[in-house]
């Protein structure tokens, strides 16, 4: 039998704190050598409702190689009132 679904993600789960099904956010917890671990969080109250592990090659952020991050404040602050 062929796999019908390649990958499933939850859009809503039951929240015991809210006492009803709520929409969820998916938050990255860990980057593992064989994939990533994600946590489902209730959008209403912020409770953790579950986890899922995505297997496959880990997606690592590019190395900085000594470069300064872009954006944010650089240098000294001026104009204190």
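The values are calculated or read from the model by the stated rules, or taken from the named source; none is laboratory data. Values in this document were obtained by computation on a predicted structure and should not be read as measured data. Because the Cβ atoms are built from the backbone with ideal geometry, glycine has one as well, and the counts that use them run over all protein chains shown.
Those residues that are under 13 Å from residue 50 (Cα atoms) and surrounded by fewer than 12 Cβ atoms within 10 Å (Cβ to Cβ), I need them from the stretch 28-39; list them, please.
We begin by selecting, within the stretch 28-39, every residue under 13 Å from residue 50 (Cα atoms); these are 28-29, 37-39.
Answer for the stretch 28-39, where residues must be under 13 Å from residue 50 (Cα atoms) and surrounded by fewer than 12 Cβ atoms within 10 Å (Cβ to Cβ): just 28.
Suppose the filter is at pLDDT below 95, surrounded by fewer than 12 Cβ atoms within 10 Å (Cβ to Cβ) and in contact with a strand residue (DSSP E or B) (Cβ under 6 Å, 6 or more places away or on another chain); does residue 56 pass it? Please lay out each step first, then the result.
Numbers: at pLDDT below 95: yes; surrounded by fewer than 12 Cβ atoms within 10 Å (Cβ to Cβ): yes; in contact with a strand residue (DSSP E or B) (Cβ under 6 Å, 6 or more places away or on another chain): yes.
Yes.
Which one is surrounded by the most Cβ atoms within 10 Å (Cβ to Cβ) among residues in the stretch 17-27 that are closer than 19 Å to residue 7 by Cα and more than 11 Å from the chain's Cα centre (by Cα)?
24
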